[in-house]
Amino acid sequence: MCKAEQLIGRLTPAERRSLRHLGLGPVADRVRVRHETRLIELGLAELACGGADLTATGRRALVLIGAWVH
C-alpha cells in the first residue's frame with residue numbers, strides 16, 4: 001500500500017470532497033479551513049501563492065479515488 005492510499009483511509013468523506021475541490025484549482029471559498037489544515041498536516045496539500053494547493057501525494061490520492069480532473 002502506498003502512502004497516498006494510507007492517507008486516503010484517514011480522511012473523512014467531507015475531507016475527501018475538499019481534496020477533490022483543491023484538485024479543481026483556486027478554491028479558497030469552497031474548502032473549510034479545518035479541512036485545508038488537515039490536508040496540509042497529512043501532506044496532501046501545501047500553502048502556495050497564498051492558498052492551498054495539492055502536493056504530489058495529494059495528486060496521487062486524487063488519481064486513486066478516481067477524482068483527478070486535470
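Would you point out the residue of the range 56-70, among those that are closer than 16 Å to residue 6 by Cα and part of a loop (DSSP other than H, G, I, E, B), that is modelled with the highest pLDDT? Reasoning before the result, please.
We begin by selecting, within the range 56-70, every residue closer than 16 Å to residue 6 by Cα; these are 56-66.
Within this subset, residues satisfying the condition of being part of a loop (DSSP other than H, G, I, E, B) are 65-66.
On the way: 65: 89, 66: 83.
If we take residues in the range 56-70 being closer than 16 Å to residue 6 by Cα and part of a loop (DSSP other than H, G, I, E, B), then 65 is modelled with the highest pLDDT.
Say we look at the range 1-23 and pick out the residues that are modelled with pLDDT of 85 or more and aliphatic (A, V, I, L, M); which of these is surrounded by the fewest Cβ atoms within 10 Å (Cβ to Cβ)?
Taking the range 1-23 and keeping what is modelled with pLDDT of 85 or more, we get 3-23.
Pick out the ones that are also aliphatic (A, V, I, L, M) and you get 4, 7-8, 11, 14, 19, 22.
Numbers: 4: 22, 7: 19, 8: 20, 11: 19, 14: 12, 19: 27, 22: 25.
Only one residue fits best here, namely 14.
Any idea which residue in the range 24-55 is surrounded by the fewest Cβ atoms within 10 Å (Cβ to Cβ), counting only those that are of a type outside the set (A, V, I, L, M), in a loop (DSSP other than H, G, I, E, B) and under 9 Å from the mean Cα position of the chain (by Cα)? Break it down stepwise before answering.
Quick first cut of the range 24-55, residues of a type outside the set (A, V, I, L, M) only: 25-26, 29-30, 32, 34-38, 41, 43, 46, 49-51, 53, 55.
Okay, now just the ones that are also in a loop (DSSP other than H, G, I, E, B), so 25-26, 29-30, 32, 43, 49-50, 55.
Filter once more, keeping what is under 9 Å from the mean Cα position of the chain (by Cα): 43, 55.
On the way: 43: 15, 55: 19.
Out of the qualifying residues, it is 43.
The values are calculated or read from the model by the stated rules, or taken from the named source; none is laboratory data. None of the values given here were measured: they were computed from a predicted structure. Cβ sites come from the backbone with ideal geometry, for glycine too, and all protein chains shown count toward neighbours.
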